[in-house]
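Notes follow once the structure below has been shown.
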Amino acid sequence: MYRYDDLDRQFLHERVAHYRAQTERYLNGQLSEDAFLQLRLRNGLYVQRLAPMLRVAVPYGTLAASQLRALSKIAREYDRGYGHLSTRQNVQFNWPELAEVPAILEALALVDMHAIQTSGSCIRNVTTDQFAAAAADEQVDPRPYCELLRQWSTAHPEFEWLPRKFKIAVTGSSNDRAAVEVHDVGLRVYRDQQDQVVFDVLAGGGLGRTPVIGHQICTALPIAELLTYMEALLRVYNRYGRRDNKYKARIKILVRAMGADAFASAVAEEWQHTRGGPATLLTTEIERIEKQFVMPTLHQHTDYSETLAQERFDNPDFSRWLTHNVTPHKVAGYACVTLSTKVIGVPPGDVSDQQMDAVADWADAYSQSEIRISHEQNFVLPHVAQCDLLALFKKTKAQALNTANVGLLTDMICCPGGDYCSLANAKSIPIAEAIQRQFGDYDYQHDLGELDINISGCMNACGHHHVGHIGILGVDKKGAEFYQISLGGHSGHSQRPASLGKILGPSFARDEVPNVMAQIFSTYLNQRHDEEDFLSCYERIGIAPFKETIYAKSDS
Amino acid sequence: MQNLIHNVTGQWQVSALSASETPHWQTDKTWQAGLPLCVTVDVEPEPVWQTASLIGIDFPAFTDGRGLSLATLIRRIGYKGDLRALGAIHEDVLHYMVRCGFTSFLLPEDCDPAVALACIAPYTEFYQGSVIQPAPLYQRRARG
């Protein structure tokens with residue numbers, strides 16, 4: 001993990017002092033509501049429907065056990081004993097007092113954490129693969145480059161006041177778990193034929209009101225020029241992105257208006273000025289950062305698969321958990337473990353202070369003191385020895401973090417929705433809960449196989465509904481909450497390109513949604529060939545059979 | 001009377017600016033070499049602007065970052081004179097503006113100059129380079 005030095009800490013402490021002074025000016029009436037809004041957003045503080053919400057940055061989703069304990073303490077002391085894992089790998093607190101936020105930021109700074117640029121029209125926290133440095137299918141560990149981007153984008157003098165928010169995601173695996181195709185900028189990092197680290201750059205992707213798949217605008221960008229190229233790209237966006245309408249202000253609208261080729265040319269032209277300039281990365285700096293992410297020394301283990309097979313045989317619950325929540329590690333004898341937060345009755349991604357403390361303890365005991373947050377809103381322990389899996393599994397039950405459902409129907413992505421968010425048109429948490437209750441049976445889920453259900457409470461698409469195999473979007477129909485359903489979306493993992501879902505048809509009332517789901521599932525089960533998963537089946541048969549089943553029935 | 005924050009031999013100072021001291025601003029359409037030039041945030045900078053006696057960038061809103069990129073580009077074409085931010089600027093954005101090459105700020109009437117002066121340099125160091133300090137922090141780190 002990246003370790004802060006005195007200069008990193010000095011900046012963070014100055015930032016907290018700066019924001020504390022701004023909060024005091026606001027509370028004393030010396031700072032207008034409009035001006036303070038912009039400043040508090042850039043320090044992570046939203047004002048939500050019921051209370052302020054503080055979004056803490058978890059850079060590229062990586063946490064040390066000590067940092068997770070600090071979050072747990074904040075949940076206890078300043079919140080109501082829980083926090084929320086967001087779809088951008090961050091942690092949110094729903095009930096802080098505005099006047100106490102500087103004290104929370106100070107507590108975060110003590111463990112080298114912050115809430116800088118987690119909202120507002122600026123460059124946001126960089127996200128990546130939750131299995132970075134551990135996944136067996138990875139080519140390059142993306143985290144050093146995420147950290148270089150984090151440092152470069154923090155309080156950047158020119159890019160703090162962009163037309164709109166700007167999200168960067170990086171993947172180092174062709175199995176893209178970071179959804180780089182639906183980000184403002186997506187980076188694919190790999191080694192070229194000369195074994196040099198290079199990046200393919202995608203721009204103009206995004207979800208929200210106008211979902212778009214990003215366009216590749218640069219191929220094999222050398223690592224030394226990563227920041228000079230980003231500077232050129234952001235300058236073009238900052239100067240020419242629309243500012244007259246916030247719904248048309250994201251970079252995807254600019255890329256579409258100019259055309260991807262013309263946008264790429266404009267960036268390339270500006271890059272001629274920045275390339276080779278002062279932002280060019282020196283090899284010494286690249287190596288200094290890379291060195292901090294060198295994989296921890298993992299003890300050599302002999303092959304454990306035979307014992308594991310016996311443990312599986314003896315314990316069916318453990319066997320299910322291994323099947324769904326444990327994925328291959330690049331080091332023999334190790335595994336990546338996902339701890340699902342998706343249990344009935346708990347909003348997806350919500351975790352209590354006790355769960356946080358327990359996960360921190362397990363990370364210390366079994367995973368090199370390291371934890372990740374996935375964009376599917378689960379915890380990940382990235383480096384667990386296979387011989388420890390059973391011991392870990394047994395501990396997870398007491399904390400309700402043992403659900404064997406990763407990638408299945410009940411492992412839904414869900415935004416906070418109308419229960420918390422002032423932007424939402426409709427509630428999303430009760431929809432998730434109704435689906436979990438109706439279809440929670442393990443055998444049924446297992447039979448349905450891999451299925452991403454993503455739920456957003458409004459067009460802003462925080463629940464990524466466009467890229468769910470089944471997407472559910474809350475809409476407002478004459479003051480009533482309705483839900484529009486789309487099929488066939490995909491975020492780009494499992495070696496498939498990303499795709500955007502197609503709308504099924506007219507929307508449904510909340511109590512109709514579980515039955516519509518049942519009809520979608522039965523259509524799939526009737527139509528599938530052998531082992532065909534939901535998405536493959538959908539791609540083969542199209543949307544028509546689903547429409548016929550659902551709307552024919554509702555007409556009769 | 002408006003307050004101007006400007007850099008006098010390395011020190012930031014506040015001066016009250018009377019109406020008679022207002023520069024005879026020219027737009028980019030009427031400007032000629034040697035005159036003070038005031039531009040909107042959406043113009044394309046011209047190399048001939050190097051000869052302006054003063055350049056002002058008029059911000060339509062303090063959240064409009066185009067003026068920050070424009071300032072960077074005006075410095076890139078080689079303009080060495082006073083670069084002034086005016087219009088809807090805000091004291092909490094001044095420290096970003098300084099790093100993009102602005103050297104004076106015409107404060108809006110409701111802005112307390114003492115507060116603005118106190119907001120001008122809240123940080124000792126920044127990670128990335130800027131117009132006024134092109135080398136990024138890590139290069140100073142390596143030396144230190």
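At a glance:
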quantity	calculated
Two-site label geometry, A:Leu423 and A:Ala332: point separation in nm, points 7 Å out along Cα→Cβ	4.9
Above-threshold pairs, the threshold being 18 Å between Cα atoms, out of A:Lys165/A:Lys478; A:Lys342/A:Lys397; A:Lys167/A:Lys248; A:Lys165/A:Lys477; A:Lys427/A:Lys502	A:Lys165/A:Lys478; A:Lys165/A:Lys477; A:Lys427/A:Lys502
Zone residues, the range A:87-109, relative to A:Arg20, backbone N less than 20 Å from point 7 Å out along Cα-to-Cβ	A:96-109
Separation between Cα centres of the range A:232-269 and the range A:111-129, rounded to whole Å	22
Inter-chain Cβ neighbour average for residues A:278-286, partner chain, 10 Å	3
Label-point separation in nm, A:Asp441 to A:Ala398, each point 7 Å along Cα→Cβ	3.3
Test item: A:236-246 mean partner chain Cβ contacts at 10 Å	3
Whether the range A:416-556 is rounded, prolate or oblate, judged on the alpha carbon gyration tensor where a/c under 1.5 counts as rounded	prolate
Cβ neighbours within 10 Å from other chains - mean over B:84-96	3
All aspartates and glutamates inside 16 Å of A:Lys73 as judged from Cα atoms, apart from same-chain residues fewer than 8 positions distant	A:Glu97, A:Glu100, A:Glu106, A:Asp112, A:Asp350, A:Asp353, A:Asp357, A:Asp361
The range B:2-143 - percent relative contact order, Cα under 8 Å, separation 6 or more	21
Prolate/oblate/rounded call for the range B:2-143, Cα gyration tensor, a/c under 1.5 rounded	oblate
Relative packing of peptides A:188-196, A:171-179 - highest average C-beta neighbours within 10 Å first	A:171-179, A:188-196
Summed side-chain charge close to A:Ala115 - residues other than A:Ala115 whose Cβ falls under 11 Å, Lys, Arg +1, Asp, Glu -1	+4
Length-normalised contact order of the range A:104-220 in % [C-alpha pairs under 8 Å, at least 6 apart]	21
HN-Hα J in Hz across the range A:7-12 - Karplus 6.51, -1.76, 1.60, θ = phi - 60°, x for Gly and Pro	5, 4, 5, 4, 4, 5
Beta bridges by DSSP in the range A:134-292, antiparallel share as percent, to the nearest 5	80
Distance in nm between pseudo-label sites at A:Asp6 and A:Ala509 (7 Å out along the Cβ direction from Cα)	6.8
In Hz, Karplus ³J(HN,Hα) per residue of the range A:29-39 (6.51, -1.76, 1.60; θ = phi - 60°; x = Gly, Pro)	x, 8, 10, 5, 4, 5, 5, 5, 3, 4, 6
Compactness relative to 2.2 N^0.38 Å, alpha carbon Rg of the range A:446-486	1.27
Rg/Rg_globular for the range A:382-438, with Rg_globular taken as 2.2 N^0.38 Å and Rg from C-alpha atoms	1.55
Amide proton proximity set for A:Val47, modelled H, under 5 Å, gap of 5+	A:Met53
DSSP beta bridge pairing in the range B:2-143, given as percent antiparallel to the nearest 5	45
Cα shape, the range A:6-110, gyration tensor, a/c 1.5 rule	oblate
Length-normalised contact order for chain A - Cα pairs under 8 Å, 6+ apart - percent	13
Dipole magnitude of chain B about its Cα centre (Cβ charges: Lys, Arg +1; Asp, Glu -1), debye to nearest 20	800
Choice from B:Ala116, B:Ala85, B:Ala61 with maximal GNM fluctuation in chain B (Cα, 10 Å cutoff)	B:Ala61
Share antiparallel - DSSP beta bridges, the protein assembly as shown, percent rounded to 5	70
Hz values of 3J(HN,Hα) by residue in the range A:413-421 - Karplus curve (6.51, -1.76, 1.60), Gly and Pro given as x	8, 8, 7, x, x, x, 6, 10, 8
Rounded to the nearest 20 debye, dipole of the range A:423-556 from Cβ charges on Lys, Arg, Asp, Glu	580
D_trans [Stokes-Einstein, Kirkwood Rh over alpha-carbon pairs] for chain A, 20 °C, 1.002 mPa s, µm² s⁻¹	89
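The numbers here are math on the coordinates, done by the rules we state, and not lab data. Fair warning: this is a prediction, and the values are worked out from it, not measured in the lab. Cβ sites come from the backbone with ideal geometry, for glycine too, and all protein chains shown count toward neighbours.
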